[in-house]
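**Q** Please find one structure pasted underneath; my questions will follow.
None of the figures in this text is laboratory data; all of them are computed from the coordinates on show. Keep in mind it's a predicted model, so treat the numbers as computed, not measured. With ideal geometry, Cβ positions are generated from the backbone for all residues, glycine too; neighbour counts draw on all protein chains shown.
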């Protein structure tokens, strides 16, 4: 049994006889908002599912997926990196393009200015780590020698460290990149400018996908429904995210606008993007290049079915 002590249990449904589905998440950001709202809207309850979101590290989530104590993880990037290393895990739905930004204190104007400085990330081996290294290399900086990467915590903790002056820069996800920028810090780079990788979405175990495809489809359907609802009802989405993340009106408006802009209409990435992710991961972790194919770490078949069905229902 995976120990989930010292975690924040957020049960957004309270169905009495519904089947429980546990989803692990690693940070309270805009990426988790659709899960919470889909649950509040009753999209999962309609499928007789009692979805519980549990805060845990990416590594704990991966272990939980393999043991069966966790059904799904929103930490797509970290889970897929575990899959590349041989874990029997699979990405099934990608709601967003990468929403990770390099944000620095006001005195830094460009990425090159960070030479000899610190960059905060969530955890070594996680998505923010991969993003930081990729951005730094893209701008000619060696992340091993010319910059100090510091493991700080989730996006909210990184934001606090940046605004307190404890670190020079950080990889942040919304709404914390927006909050930091509104406070005068500089957004130096948007990771989506150089890659389109499957970072935000939903992953599960290969066993779960094979043995409980109906439940997997119900979860994906609820998420795709709320994605479409958010895009069509921004004012309502802003009101919810304002309460969910304790934002002011401007922060909520900018966060939702940024989220909608990053939505994937297909719920999946291209094979080329997955190959890029595999190759970048192997290089960053100094693993030997193998014969890993996109189909070894992602399976978009359920998502493709859901998107096609919802498109037909809309016509």
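**Q** As a footprinting exposure proxy, order 45, 250 by other Cβ within 10 Å, with the fewest listed first.
**A** On the way: 45 18, 250 11.
So the ranking, lowest neighbour count to highest, is 250, 45.
**Q** Still on this model: Kindly identify segment 178-315 as rounded, prolate or oblate by the Cα gyration tensor criterion: order the square roots of the eigenvalues as a ≥ b ≥ c, call it rounded if a/c is under 1.5, otherwise compare a/b with b/c, prolate if a/b is larger, else oblate.
**A** Working: a/c = 2.31, a/b = 1.20, b/c = 1.93.
Oblate is the answer for segment 178-315, as a/c is 1.5 or above yet b/c matches or exceeds a/b.
**Q** Turning to a different aspect of this structure: Nearest 5 percent is fine: what portion of the DSSP beta bridges confined to segment 101-193 is antiparallel? It would help to have the intermediate numbers written out before the result.
**A** On the way: 8 of 14 bridges.
If we restrict to bridges inside segment 101-193, about 55 percent are antiparallel.
**Q** Taking the Cα centroid of segment 56-73 and of segment 111-174, what is the distance between the two, rounded to the nearest whole Å?
**A** If we compute the Cα centre of each part, the gap is 25 Å.
**Q** Can you give the FRET efficiency to the nearest 0.05 for residue 313 and residue 115, using r as the Cβ-Cβ distance and R₀ = 41 Å?
**A** Details: r = 53 Å, r/R0 = 1.30.
Once the sixth-power term is evaluated, E becomes 0.15.
**Q** I would also like to ask the following. Would you please classify the overall shape of segment 101-193 from the alpha carbon gyration tensor, given that a ≥ b ≥ c denote the square roots of the eigenvalues, rounded means a/c under 1.5, and beyond that prolate means a/b larger than b/c while oblate covers the rest?
**A** In terms of gyration-tensor shape, rounded.
**Q** Here's something else I'd like to know. If R0 is 25 Å, what FRET efficiency do you get for residue 19 and residue 301 from their C-beta distance, rounded to 0.05?
**A** Numbers: r = 22 Å, r/R0 = 0.88.
Calculated value: 0.70.
**Q** Let me ask something additional. For the pair residue 243 and residue 271, what calculated FRET efficiency results from E = 1/(1 + (r/R0)^6), where r is the Cβ-Cβ distance and R0 = 35 Å, to the nearest 0.05? The partial results should precede the final answer.
**A** Values: r = 39 Å, r/R0 = 1.11.
Between residue 271 and residue 243 the formula returns 0.35.
**Q** What is the fewest-to-most order of 29, 134 by other Cβ atoms lying within 10 Å of their Cβ? Intermediate values should be presented prior to the final figure.
**A** Details: 29 24, 134 21.
With the fewest neighbours first, 29, 134 line up as 134, 29.
**Q** Turning to a different aspect of this structure: Taking 0.36 nm per intervening residue step and subtracting the Cα-Cα distance, what contour gain separates residue 261 from residue 150 on full extension? Walk me through the numbers on the way to the answer.
**A** Details: separation 111, 0.36 × 111 = 39.96 nm, distance 2.97 nm.
Here the segment from residue 261 to residue 150 would lengthen by 37.0 nm.
**Q** Mean residue ellipticity at 222 nm from the helices of the chain, using -39,500 (n - 2.57) per DSSP H segment of n ≥ 4 over the full residue count, to the nearest 500 deg cm²/dmol?
**A** Working: 13 runs with 139 residues, N = 315.
Computed ellipticity for the chain at 222 nm equals -13000 deg cm²/dmol.
**Q** What is the helix-to-structure angle for 58-67, meaning the angle in degrees between its Cα long axis and the longest Cα principal axis of the chain, kept from 0 to 90 and rounded to the nearest 10?
**A** Helix 58-67 sits at roughly 30 degrees to that axis.
**Q** How long is the gain from residue 166 to residue 142 if the chain were fully straight, where each residue apart is worth 0.36 nm and the alpha carbon distance is subtracted? Write out the running numbers ahead of the final one.
**A** Working: separation 24, 0.36 × 24 = 8.64 nm, distance 2.17 nm.
Once the chain is fully extended between residue 166 and residue 142, it gains 6.5 nm.
**Q** With everything on Cα atoms, drop me the angle between helix 213-232 and the longest principal axis of the chain, reported from 0 to 90° to the nearest 10.
**A** Value to nearest ten degrees: 60.
**Q** Related question: What percent of all Cα-Cα pairs in the chain falls in each 20 Å bin, counting up from 0?
**A** 34, 59, 7
**Q** According to the square roots a ≥ b ≥ c of the eigenvalues of the Cα gyration tensor, what is the shape class of segment 245-315, taking rounded for a/c under 1.5, prolate for a/b larger than b/c otherwise, and oblate for the remainder?
**A** Details: a/c = 3.78, a/b = 1.36, b/c = 2.78.
Oblate.
**Q** Roughly what % of DSSP beta bridges within the chain run antiparallel, to the nearest 5?
**A** 55
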